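One structure below.
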Amino acid sequence: MNLSHFKTIALLSICLPVASLSAQCEFIVEDIDFFDSTRLLTSKPVPIGFLIPSMYETIKGPRLIDEAQAMFSFTESAREDSINSFFLTLLAEEYDFLSIESDQNVLLALEDSTVVGLLNFPDRGTFNPKTNMRLYQHTCVVPIDILYRLSFSKIIMIRIEYENKKKTIALSNDQQKELQKIFRCVGERAGLFKDKP
C-alpha cells in the first residue's frame, strides 16, 4: 500500500455525496487486495468547518462548499515492507496555490485544552474544476496512542500550517461528534477496540 492509493481514494470521495454517519459505521472502502492481501478500511468523509464561497460562479452567485472534509483510514498487510497504520486525511479547498512539506504541521486542538501535532505528507494541491480552486490532501499518520486520545477527547479545531499561510478550521458540536465517531468506527473494525470506549 502506498500514498497514491490514499490520494486516489480521497479524490474519489469528493465526488460522493457527503452524508451524516448513521448509528452503523459506513465505509467507502473496506477491502482486501487480491494480489498482496493488504487490508484497507476508509470511512466516509465528514464535512468540517463552515460553508465557504467557491470560485465557481452560478446565476445565484458563488457555489457554496464545505471548508474541508475529513476521512480516517487503516491499512494492514502481512508483508513486512508494507504500511500498517492509521491515517487521517483532510481535504481542504484553497483559493491560492500553497505548498506544505512533510512535518508535524497539522495540529489538532482537543477539548481537554491540549494540542496534538500530526506528521503529514507534502502536497502542492490539484485543480478542482467543480470549485475552480485547489484541492489539498493532508494525509497524516495517527499513532495508536493518539488514536486512543481522539476516541475519548473531541477535536474542536484543526490548524494546517502551509509554508506561507496558517488555516484554522473550527468544528461545530455535531462535526466534533461525527469525527470522533469515525475514529471509533475504524478503530473498532480494525480490532483495536474490543468494546466501544
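Quick note: the coordinates plus some simple rules give every number you see, no bench work behind them. Because the structure is predicted, anything quoted here is derived from the model rather than measured. Positions of Cβ are backbone-derived with ideal geometry, glycine not excepted, and every protein chain shown enters the neighbour counts.
Per-structure values
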| quantity | calculated |
| --- | --- |
| Whole-Hz couplings from phi, Karplus 6.51/-1.76/1.60, listed for region 42-51; x for Gly and Pro | 9, 6, 5, x, 10, x, 10, x, 9, 7 |
| For region 157-167, Karplus couplings with θ = phi - 60° (6.51, -1.76, 1.60), whole Hz, Gly/Pro x | 8, 10, 10, 10, 9, 6, 5, 10, 7, 10, 10 |
| Which of 111, 163, 94 has the fewest Cβ neighbours within 10 Å, and the rest in rising order | 163, 111, 94 |
| Long-range HN-HN contacts of residue 162 with modeled amide H, under 5 Å | 167 |
| Trypsin sites (Lys or Arg not before Pro) restricted to region 99-144 and DSSP loop, no more than 15 other C-beta within 10 Å | 124, 130 |
| Estimated FRET transfer efficiency when R0 is 35 angstrom, pair residue 168-residue 192 (beta carbons, to 0.05) | 0.75 |
| Net charge, residue 102 excluded, C-beta distance under 14 Å - Lys, Arg +1, Asp, Glu -1 | -4 |
| Local electrostatic count, residue 57, Cβ distance below 13 Å [Lys/Arg +1, Asp/Glu -1] | +3 |
| Coil-residue chymotrypsin sites (Phe, Trp or Tyr not before Pro) of region 58-163, DSSP, other Cβ within 10 Å capped at 11 | 97 |
| FRET efficiency, 1/(1 + (r/R0)^6) with R0 22 Å, evaluated for residue 107 and residue 148 via beta carbons | 0.75 |
| Pair residue 58, residue 127: separation of 7 Å Cα→Cβ label points (nm) | 2.3 |
